[in-house]
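Read the structure below first, then the notes.
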Amino acid sequence: SSPVPTAPVSICVALADKLDTLTGIFAIGQKPTASKDPYALRRSALGILRILIEGALPLDLREILGGALQEQPAGKRDEATLKDLLTFVQERHRAWRVGSTAFGAPITVEMFEAVAALNITQVLDFEARLRAIHSFWALPEAASLAAAHKRVRNVLKQAGDGGSEVDPAKFESEAESALYAALNAVNAAPATDYTERLKQLAGLKAPVDAFFTGVMVMADDAAVRANRLALLRQLDRVCREVADISCLP
């Protein structure tokens with residue numbers, strides 16, 4: 001579970017009040033519709049997000065919503081209700097952040113979705129990743145790497161499940177060796193934060209481009225093909241450490 005931070009009593013009371021209001025109304029089946037929000041639950045959800053972010057409270061949304069829901073004296077307190085609550089607050093987060101200039105240039109839908117794809121429910125962590133992907137997108141390598149990651153995801157989807165262990169002895173080209181070495185270098189490199197990690201990721205552009213230019217992934221030899229797919233699975237994992245790069249345009 002999330003560590004319990006210290007916070008002023010006023011902040012704790014405000015957060016508890018908004019959580020109680022939100023979960024209580026959802027529990028009795030009165031969640032907002034597209035056109036009606038008589039209990040101002042969208043405002044409550046935004047208030048929860050702002051308290052967590054501005055108060056630097058490392059709390060998990062699922063945990064605090066679930067805890068508040070279980071304290072309700074009546075109504076549904078099941079997993080389906082909790083899922084609806086979590087989705088509702090996350091949608092408020094999306095509506096609040098997309099288009100905002102909180103980190104400088106406007107945050108795009110794709111940036112937000114790149115982080116959301118990892119199912120991050122700790123709001124401070126989500127914000128840190130969103131800030132990092134926002135900075136990453138300004139790098140000249142970003143668009144090319146995002147396009148390559150889309151290609152990787154498509155290839156792996158078509159290939160289905162498979163092993164993830166790479167055997168360098170099965171490499172048949174310098175491009176395979178270069179990509180493998182670059183991935184190992186990124187994995188071994190220390191990173192102080194998400195932004196630094198994505199800067200390191202940008203260094204994969206050249207070996208990734210060379211791999212797709214000079215290597216046919218779906219080789220006739222089954223062992224060679226499986227090894228190349230394993231190499232792409234490693235690349236995919238690295239490209240989804242901070243956010244899902246393939247979501248970027």
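Test of understanding: among 68, 80, which residue is over 22 Å from residue 127 (Cα atoms), open to solvent by less than 50 Å² (accessible area, probe 1.4 Å) and in a helix (DSSP H, G or I)?
One residue alone meets the criteria, 68.
What are the residues in the range 96-131 that are buried (at least 22 other Cβ atoms within 10 Å of the Cβ) and within 12 Å of residue 198 (Cα to Cα), if any?
Correct list: 129, 130.
Let's see how each residue does on (1) in contact with a strand residue (DSSP E or B) (Cβ under 8 Å, 6 or more places away or on another chain); (2) among the small types (Gly, Ala, Ser); (3) at negative phi; (4) not in a helix (DSSP H, G or I):
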residue: 190; (1), (2), (3), (4): no, no, yes, yes
residue: 206; (1), (2), (3), (4): no, yes, yes, no
residue: 220; (1), (2), (3), (4): no, no, yes, yes
residue: 232; (1), (2), (3), (4): no, no, yes, no
residue: 241; (1), (2), (3), (4): no, no, yes, yes
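Tally up the residues in the range 186-221 that are among the hydrophobic types (A, V, I, L, M, F, W, C) and open to solvent by 60 Å² or more (accessible area, probe 1.4 Å), please.
Applying the first criterion (among the hydrophobic types (A, V, I, L, M, F, W, C)) to the range 186-221 yields 186, 188-189, 191, 198, 201-202, 204, 206, 208, 210-212, 215-219.
Filter once more, keeping what is open to solvent by 60 Å² or more (accessible area, probe 1.4 Å): 188, 206, 216, 218.
Number satisfying all stated conditions: 4.
Here is a check on your reading of the model: is residue 13 hydrophobic (A, V, I, L, M, F, W, C), within 24 Å of residue 133 (Cα to Cα) and either at pLDDT 95 or above or open to solvent by 70 Å² or more (accessible area, probe 1.4 Å) (or both)?
Considered against the rule, which asks whether it is hydrophobic (A, V, I, L, M, F, W, C), within 24 Å of residue 133 (Cα to Cα) and either at pLDDT 95 or above or open to solvent by 70 Å² or more (accessible area, probe 1.4 Å) (or both), residue 13 comes out as no.
Scan the range 154-176 residue by residue and report those that are without any contact (Cβ under 8 Å) to a residue 60 or more places away in the chain, outside any loop (DSSP other than H, G, I, E, B), more than 13 Å from residue 224 (Cα to Cα) and open to solvent by less than 50 Å² (accessible area, probe 1.4 Å).
The answer is 175, and nothing else.
Collect the residues in the range 127-153 that are among the aromatic types (Phe, Trp, Tyr) and either part of a helix (DSSP H, G or I) or in contact with a Pro (Cβ under 6 Å, 6 or more places away or on another chain) (or both), keeping them in residue-number order.
Residue satisfying the conditions is 136 alone.
The values are calculated or read from the model by the stated rules, or taken from the named source; none is laboratory data. Remember, it's a predicted structure, so these values are computed and weren't measured experimentally. Heads up, the Cβs are rebuilt from the backbone with ideal geometry, glycines too, and the neighbour counts pull from every protein chain shown. These area figures cover heavy atoms from the full protein model, side chains too; ligands, DNA and RNA do not enter into them. Shrake-Rupley method; radii C 1.70, N 1.55, O 1.52, S 1.80 Å.
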